Amino acid sequence: MSVNEDHASESRTASSSPRRIRPEADAQKASIAFTTTHWSVVLEAQGQSPAAQEALEKLCRTYWRPVYGFIRRQDIRTHEAEDLTQGFFSLLLERRDFDAVRREKGRLRSYLLMSLKHFLTSEQRRAMTLKRGKGQQLIPLEELMANNRVDVEPADPLSADRLYERRWALTLMEQVLRRLKDEYCTGGNTVLFDSLKQLLPDELGAPSRADIALQLGMTDNALRQAFHRFRQRYQLLLREEIGHTVAVASDVEDELRHLISVLRT
Amino acid sequence: MMESRAVHDGERARDSPIMSSSAPRVCRKCGAEIFADAPEGLCTACLFETGLDLPADETDEPPNAGRARPPGAPKMKSGSTGTFGDFGDYELLEVIGRGGQGVVYRARQKSLNRTVALKVIGLGHWATEAHLKRFRREAEAAASLDHSGIVPIYEVGERDGSCYFSMKLVEGGQLDEVIKREPMPIRRAIELIAKVARTVHYAHEHGILHRDIKPGNILLDGKGEPHLTDFGLARLVETESTVTRTMEVLGTPSYMAPEQAVGNNARISSATDVYGVGAVLYQLLTGQPPFAGGTTYETIKLLLDTEPRQPRLLNPKLDRDLSTICLKCLEKDPQRRYSSALALAEDLERWLKHEPIQARRTRAGKNGCVAIQPARYWQHPWSRWQPPPAGSFGRAN
């Protein structure tokens, strides 16, 4: 599997300054560009392809928050944790540790956690990384810090590992819904998205389809078809997003089940 | 298996998809916590679960249909797409339950051409060889139980990093789903719990503890008879643990005894199961478990620090004796509970026959919570409570 051509050409311009990452919003727009790249493929290809390196950087940027949460759970102060997060990813992207991919059965989630634990236990590396992390803008920490989300986590009684996994699951879902929302918004269907999303988890007490149809001025049949398409697209995006983080497509189902168990324990 | 906290509040459930608590919210469908920053404010676990359904060529049943669906007849996946495939000798037909411990499938055992329930437990990173051995030992012991009130286990094994066991498929559904649809009459609830208690006693006589008695582990057959399932399964996830560890692996501890919640495995005994049966009884009688916080942590804190509310305050139709029986099961100190599940069953049967019960009442404290009281005299079921004479002591059960 290879990175697609559109993405490759797009990334050539960015490759002149490989450590400068585009703002998050731009990254979202470009996320479709690596829809078929499993992360391990990207990793193994990064030495040869700027596009692959760019794709890997995107993955790191997307999934920085579990890493940051894990670091904070080690009783590390906010600013130091920020620098460590930046430095960790910076180091990681340069290191290209292919063996670790195989050791961790190809899961980006496991790979990042293992790498993180490894470097946090090495004082020398940590000091070096901390220094390296200062001033780095690889990860858009300030955006999410502004939303006051991350520091909610340390009050939670979960262990660092569980916190990491939980945060991972939330981040992944956030990505999926954001992509779905972007697609609907682009087509001028923001209201439809906001209505149909309520039906997605099949929660008790969610508005009925009839209520939503009435609200949107649609027939029941039209709404049923709209939701059918919406659900299909959601499922596709979810599997695609998980597919970015596993080595082979057959692992998607297992990863999906794992994430459910993480959230329900 | 999914757990629900919505039992008697159907209207409220429709109005609000989420059980609001002081802090984190809990999904009314699956019981998972909905975090403050959950994407779009939806239950992320349920969203992922939706992803388990393949992009189908159908799905045109109404969104609410799943809720009205009888528990024994969950929604079929689109079979033509081969959703689940094979798992060794089993062809996975559909998911009929999910929970923190694993997934239950309706499956066809190919070699014997029979339909079974297959529970597959993903072991994750905390499993060790010791866990596996212990699970195998416990599951094999549980498989040896032969009782009409216990779901028979056909096979136990491990495959692809998961433990699994196949068992008889009970079509009626889980107790938690049944009571979610309609509250159970008091007398029917007592009859049912008395049977469950006798079943648990049978297992205890054979040296096997259940360790995870809750409504989701009680299946009802077509005639409404209870069948206990998942004997000894909780053993798989127990460790020499702390509260945190317990929280991680066991999920919602609303029916868990205090000695389990603190990870004191040395104190786990038949009294732990008596607590579990009592907690289910409490749920049936009051519509809610003895302790339910907004999060697992809060629930454990309530469990350890507070006493359950008097059942009568939650359901005025209950008489004092039922409250007494219920609360005796829920004593923090295992030694103060019924001495056996049989003793509990017999007291429930006494109540059914309008005979005096043997449990002694505890006194309500502030806010209707129960204050532990050492003992009191035997009491006629219709008489008002009388303090024991000075210097007297009640007998232990």
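Just so you know, all these numbers are worked out from the coordinates, no wet-lab data involved. Remember, predicted model here, so these are calculated numbers, not experimental data. When we count neighbours, we look across all protein chains shown, and the Cβ atoms used for this are built from the backbone with ideal geometry, even at glycine.
Of note:
- Distance between the 7 Å Cα→Cβ label points at B:S269 and A:S122: 5.2 nm.
- Three-way shape label, the stretch B:264-346, alpha-carbon gyration tensor, a/c 1.5: oblate
- Segment B:R187-B:H354, extension gain: residue separation times 0.36 nm, minus the distance between their alpha carbons: 59.0 nm
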